[in-house]
Every structure is written in structure tokens, then in C-alpha cells.
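Contents: one structure, followed by commentary.
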Amino acid sequence: MDLGHLNPSQRLAVTTTEGPLLVLAGAGSGKTRVITHRVVYLLEQGVPADRIVALSFTNKAAGEMRARLGKMVGPKIAGALVLSTFHSLGVRILRSDPEPFGMPGSRFSILDQGDVYGVVRGLLREHGHHVGGDRRFDLGAIVQRISLWKNNFIDPESVQSEVVDEYDVVAASIYEPYFDRLGSLGAVDFDDLVCLVARVLTQDEVTRDRWQQRFDYVMVDEYQDTNSAQLQLLRGIVRLPNQNLCVVGDDDQAIYGWRGADVRNILAFGEHFEGAKEVKLQENYRSRGPILEAANSVVRNNKDRHEKELIVTRHGGDPVNVVVAADGNAEAMWIGKKIRRMVVDQTIDPCEVAVLYRSALQAKLIEEELQTHGVAYRVLGGQSMYDKKEVKDAQAYLKAIVVPRDELAVRRALETPPRGVGRKTMDILSSYAKANHIPLIEAVHRLDSIPDLPGRSVEGLASFSRIIRRAQVRAREAGASVALREVLDDIKLRDHIRHDVGSAKATEFRWQSIQWLLGSIQRYEERVAAKGPDARPHWPEYLGTLSLDGAANSPEPEEAAPVGKVTLATLHSSKGLEWDHVFIIGVEEGTMPHRRVEAPRASDAIAGDLDEERRLFYVGITRAREQLWLTRGAGRIDRGREIERVPSRFLEELPDTVHHYDINKEEELSSQDIGDIAGEFLSSIAAPSDS
């Protein structure tokens, strides 16, 4: 492999293979190229492909890495590499070696976020806490606390020492019951895939030694986003004494502290892995000089960081513009007109334009303006395909057919469409199942033996039992995709969706998601069939993959190639992306940085961090390649009255080369310019000419 096209720092990062290595990769510095070349370099040194691990944070990123490497070394070798997320690696370890981790076997279920919310909601109700439409406590805040405690290895016996506020009290009261409920369901949640593995690898020397012998070289992308459990997992699989671990990241782009990421992991890498070397990738190949000057000027105000600076390789370019509008409406109108001129008059490709914001609520006015001007757009940071209600409903029926012991799936399927099966009926079924040591679905099949079932629910349960039994027979005959398709027709799910959404167009849009799921199931069955006549689908593994993809918030299929669309995205969703022309809106105190930095909510599990807000602003700035506009409103309309807004403190940190202007003053100047142009035109008419 020719390394001549890499710069000296990149070559050093690729060829330094032994011992722990920290690669500080600034924005736009070519870190993906370094990671792929490093993998190929190891292969050329004779390292077997299956002894190399490269971890990322989304299945999408892992897939893109595998595709790149497939072009470089061929799909067969790339397929042997362990390219995955932390959570996918955890699944691999748990399924191949379940006993040391206390798993009942390899066929466990993985709860997605919706399932976790359902379990927690039920436990809160059982323990007398108010949830629902008039709930006293925010469900997400309770779930977040449970997640943070698990990732910090706080067990149920020690959780009381973490109690500070009333939310902690509520979360602590169901913490142990939550563990018990997962055990009774034979399931793990998304956090367990890392926390459980990390805990056992830390405590069990025999298991740790076995897994450290499994891999020779480990790499991690976006290392600044790791939490304490992921750090412990790495320590558990990196072989001693050589510790061939290479982590690539940028502490200046650490923006996920609110969900448990710990920037100290990258700041103290040398303390965690003794003898670590450090390589800095500082040459930026993305942005023009004025944009990088603004980025460097802002982020250097964070004191607790690795000392580094983005180096310009693309000189020249327009100055960064700070634009002041009278209010939010004026800001949105100006941006709408500006983008229309760009894509219509200047024929700029809309997919090279992005509007970024701190909060998703800010997008509404921009959307309205783009609609007014007929400019197509897409919105990033929305709901995952796998988390949509209709997809989860269809998945519940699939699970009831192929893994019928999944109690949560059976409960959900029973509720969609409504069959008159209420809470009283479910309590009776659950009690019967527990007393007879059978799964919930078996209790449904035995409904004739269960006394005291409400009369109106019996017919619905009998119908459900017939549907599932018939579908299980069809799945054995023709495959699960065929069986599920027939079930969804039988229960008239499409009509049920139409009743919920109220329009044929919206129904069709949602039904496309169902069709996508059915296609995914069919493709999985075809891959299994290609392995030979004796091969059988391993449904827990397939369904676990869907759960992992959902947790990673995979984009809609139609968003994969946003041809001809302007992008609207939160600053968090923009990370890893880039555009020629970028607008960052609402650069005001209380928005950027967020007001929770100064005034956290009672439900916040983690307090706001000013340094992280500055890093988030830095990430937004470095998304721009050619042009950058930072906009703010002098006022905002809030509940019918105008409130003065203060410019963000981050604007004061920008260099003097930034161009500031006010939209209203600009319009006045434009009027004068028009008068001057008119005068020149009249003078030219009065002068002699050849025409």
C-alpha cells in the first residue's frame, strides 16, 4: 500500500502499531483515511483479519468502514475483520460465551428504547408513582438515571448513595425491580450489552484472559464519546502487556456529556494506558481559512483540552458573517430568501446548503419559509425508522411468531389493533402464566382453562391465539416474511394505521416502513437459505440487530441520498457531516449556550456544561467548507410578547475578521444602492451611444 499521499502525521499514525496510541484528529483532518489505511497496513504486516477490531458508535459508520475496506482489500478479507459498535461487540461476546455473564443461553432478547420505557412505566405504576397524561415525573428522566447508574457500575445495593433529588428517589425505588424484571423476561437492555460485559471482564480473570487472547489489535473511532463502561470494556479486551490499542478522536468535538460520555477518557488516555504515544492530525482539508480562524478562536477558550489548532490548507474564501435580525420571524425570512437566491439564481446544489440549530423547535420557522419559496429540504435528527409505532407493532407480531416467549412483544401485539384486552385481563393472564411456569403466549392459548376472564376479552384472545398458531405453521412452510405479511393483512393493520393518521397519503408513507421491514425479513431468510438446506434462521440475532440499529437512530432509507434537498439539522445531528454553505441560527444567550447551563431543570440527570456548549458551537462552525453565516434575533416573540435577546457570549470570542451586519440596515443600504444605480442608468441614457 502506497502511503505517499498521506501527510507526515497521518503516516505516523498509520505505522505506529505497537502499544497504546492516541490520535488527536481535528475536524476535517482525514481521520477515516488514517483508520482504513492503518487496518490495511496491519494486514500487510501479516496480522490475520479476524484478530483486528475496529469499533465505532453507529452501525452505519461501521458499515461505511467495511465498504471502504472492501474496496481496498476485497470483500472477503473485509468481512473477516471485526468492524462493529461497542454494543454489537457486546452481543457477539454474550452470544458466543453466555455462561460467565449469567445469560440463560444465546437466545436472549434485547429490549429497545420503547420496550425499556414500557417496563419502567409499568414499574412506576406498580410502585405508586404518577405517570401518564398527568404524570408528575418525566419518564425519560427516570430512564436516563437508570442508564447512567448502570454505566457507572452502581448496583442496586449502592444506589441510595446516589440519591440527591426527588427524581433520584423515584428512580432508585424501581432500580432493583428493573433488574429483576429484565431477568424474568430473559432479556437485556441496550446498556447491558456493554455494562454487563465490562463488569464481568473486570471481575473474572479467566474470562478476561480468554477474550484478551482473542484479539491482537483494537482501534476505536470517536473515542471522545466513550463512557466509563466502554473504557472498562476496552481494558477487558486489550491484551497485556503490549496493549495494542489505537484510539482516534478529538476532545474539542466531545458533545455527548448529557448522555453519559466522559471527555476525561480522552483527556487522561495516557493515565489509563501507561506508555501511550500521541499523534496530532491538525491539517484541515475541509474548510476555508476564515472559517478555521473562527473555529480556533472560539474553542481555545476551553482550558481543559489537548493543546492543538486546525491548520489551513484551503486558503482564501469569504469572511464569516454574523447577521442580526429584528426577531425570529425576520431571521427566518432572511434565511429563506437567501437560500432561494442561492439555489435558484446562483444554481447552488441544495444538498450543499445546511441550516443548523441548537434545539429542534427552532426548525419550524425555517421550514415554513423554505416551503413558501418552494425549496425542498430534509430534517435530520428525527425518529428512527425502527422506533416508529407501526414498525414496532409489526415487529411485535414477528416476535410472537418466531420467539413467542418474548412477553413484551406478545403484550404489544395483543393491543394492536384493540381487542378489548384491558389491564385486568393482562393481570389475570400474567398471574396464570407465573403460577404454571409457562410463557404468556401459552396462557393465551390456554384461555379456556383460566377462570374469571372478562367476557368481552375472551373472543379477542381466542382470535389472537388462532392468528398466531396459524402464522407459526405458515412460517415453517413458507417463511416468516410470508407469514407476517398474511398476519398484517388478517388484522387489517393498514386500516388501523389509516384510522390513526386520518389521511391516505400519511397512511401510504407509514405503510412503506412496514414494507421495508417485510423486505428486510425476506432478505435475511434468503441469506440463511443460501448457506445450505440445513441452515435455520437465528431470530434473536436478527431481532437484536434491529434493536441495535434503532438505538443508533438510523436514518430513514430515503434520507440516505438527499438529492436536491437543503438540510435542516440540530448541531448534534450535524456531527460527521459537512456542507459548502452553512447557517447556524439563534446564536443567543439561552439558546447557544443553552439556558440549562445556567438554570438546569429538576429532571436533568446531568447538569449543563458551558465547555461542552462551546464545543458544540465549534462542531457547527467546522461543518462549513466555503461559507458560514451565524444569525441571531435582537428579540423573540414568546407567548405573545416580544423579549429582548442577548447575543451569545461565543460571538465575542470570534476574531476581528468576522463581518457583522444588521438585516434592517442592510435593507436601507440596498435602497440607496438602488437609487445610485438608477441615477447611473439615467445618465447612461442621456449620453451618446451607438445603439
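Note the full-extension length gain between Ala506 and Glu367 as 0.36 nm times their separation in residues minus their Cα-Cα distance, in nm to one decimal.
Working: separation 139, 0.36 × 139 = 50.04 nm, distance 1.87 nm.
Value of the extension gain: 48.2 nm.
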* Asked: Out of Tyr618, His594, Ile237, whose Cα points farthest toward the positive end of the dipole of the chain (charges: +1 Lys, Arg; -1 Asp, Glu; placed on Cβ)?
  -> Ile237
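Could you give the size of the charge dipole of the chain about its Cα centre, using +1 on the Cβ of each K and R and -1 on the Cβ of each D and E, expressed in debye and rounded to the nearest 20?
Working: 88 positive and 102 negative charges, 510 e Å.
The calculation lands at about 2460 debye.
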* Cβ-Cβ FRET estimate between Ile438 and Arg210, R0 fixed at 41 Å, reported to 0.05 -> 0.70
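Restricting attention to the stretch 157-221, which GluC sites (Glu not before Pro) occupy a DSSP loop and are surrounded by at most 13 other Cβ atoms within 10 Å?
On the way: sites: Glu157, Glu162, Glu166, Glu205; in loops: Glu157.
Here the sparse-neighbourhood loop sites are Glu157.
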* ³J(HN,Hα) across the stretch 440-452 via Karplus (A = 6.51, B = -1.76, C = 1.60, θ = phi - 60°), whole Hz, x for Gly/Pro? -> 4, 5, 5, 5, 4, 5, 9, 4, 5, 9, 9, x, 6
* Structure fact -> With the 8 Å Cα cutoff and a minimum separation of six or more residues, the stretch 435-560 has a relative contact order in percent of 14 percent
* Structure fact -> Rg/Rh of the chain (Cα atoms, Kirkwood Rh), to two decimals, equals 1.00
* Asked: Suppose R0 equals 35 Å; then what is the FRET efficiency for Asp304 and Arg523 from their Cβ-Cβ distance, rounded to the nearest 0.05?
  -> 0.15
* Let me have the relative contact order for the stretch 333-435, percent, based on Cα pairs under 8 Å that are six or more residues apart. => 16 percent
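Charges only on Cβ, +1 for Lys and Arg, -1 for Asp and Glu: so what's the dipole of the stretch 134-285 about the Cα centre, in debye to the nearest 20?
Dipole about the Cα centre, nearest 20: 420 debye.
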* Structure fact -> Distance in Å, no decimals, from the C-alpha centre of the stretch 134-209 to the one of the stretch 33-56 is 35 Å
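Helix-derived [θ] at 222 nm for the chain: sum -39500 (n - 2.57) over DSSP H runs of at least 4, divide by residue count, nearest 500? Mind showing how you got there, number by number?
Working: 29 runs with 337 residues, N = 691.
Taken over the chain, the calculation gives -15000 deg cm²/dmol.
Restricting to Cα atoms and excluding each atom paired with itself, what does the Kirkwood estimate give for the stretch 1-133 in Å? Let's see the in-between values first.
Working: mean 1/r = 0.0555 Å⁻¹.
Evaluated over the stretch 1-133, this radius sits at 18.0 Å.
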* Structure fact -> Heavy-atom accessible area with a 1.4 angstrom probe orders Tyr223, Tyr377, most exposed first, as Tyr377, Tyr223
* To do: With the Cα gyration tensor of the stretch 413-511 in hand, give its eigenvalues times 5 under a square root as the equivalent ellipsoid semi-axes, listed largest first in whole angstrom.
  => 28, 19, 10
* So if we plug the beta-carbon distance of Arg264 and Ala478 into 1/(1 + (r/R0)^6) with R0 = 41 Å, what FRET efficiency do we get, rounded to 0.05? -> 0.15
* With θ set to phi - 60°, apply the Karplus curve 6.51 cos²θ - 1.76 cosθ + 1.60 along the stretch 224-235 and write out the HN-Hα couplings as whole Hz, x wherever there is a Gly or Pro. => 5, 9, 6, 10, 5, 5, 5, 4, 5, 4, 4, 4
* Structure fact -> When every protein chain stays in place and a 1.4 Å probe is rolled, His272, His659 sorted by accessible area with the largest first are His659, His272
* Asked: Over the chain, what is the relative contact order in whole percent, taking alpha-carbon pairs under 8 Å and six or more residues apart?
  -> 19 percent
* **5 angstrom amide H check on Glu283, placed H, neighbours 5+ away** => Ile311
* Asp662 long-range amide H proximity, modeled H, under 5 Å -> Val324
* In sequence order, calculated HN-Hα J values of the stretch 285-292 (Karplus, 6.51, -1.76, 1.60; Hz; x Gly/Pro) -> 9, 9, 9, 5, x, x, 5, 5
* Roughly what angle does helix 86-96 make with the longest principal axis of the chain, taking Cα atoms, 0 to 90 degrees, to the nearest 10? -> 20 degrees
* Which far-off residues, 5 or more places away or on another chain, put their amide H under 5 Å from the one on Thr85, with H placed in the peptide plane? -> Ser56
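Of Lys364/Lys492; Lys76/Lys280; Lys71/Lys565; Lys150/Lys565; Lys364/Lys424; Lys388/Lys424, which pairs sit farther than 31 Å apart, going by alpha carbon to alpha carbon?
Working: Lys364/Lys492 34 Å; Lys76/Lys280 33 Å; Lys71/Lys565 29 Å; Lys150/Lys565 41 Å; Lys364/Lys424 42 Å; Lys388/Lys424 27 Å.
In this structure, Lys364/Lys492; Lys76/Lys280; Lys150/Lys565; Lys364/Lys424 exceed 31 Å between Cα atoms.
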* Asked: Along the charge dipole of the chain, Cβ charges K/R +1 and D/E -1, which of Ile491, Gln371, Pro418 sits furthest on the positive end?
  -> Ile491
* **Gain upon complete extension [Ser463, Tyr661; 0.36 nm per residue less C-alpha separation]** => 64.5 nm
* To do: Give me the compactness ratio for the stretch 325-367, meaning the Cα radius of gyration over 2.2 N^0.38 Å.
  => 1.21
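The values are calculated or read from the model by the stated rules, or taken from the named source; none is laboratory data. Being a predicted model, the structure only gives us computed values, none of them experimental. Note: ideal-geometry Cβ built from the backbone for every residue, glycine included; neighbour counts use all protein chains shown. Accessible surface areas use protein heavy atoms only, side chains included; no ligands, DNA or RNA. Shrake-Rupley method; radii C 1.70, N 1.55, O 1.52, S 1.80 Å.
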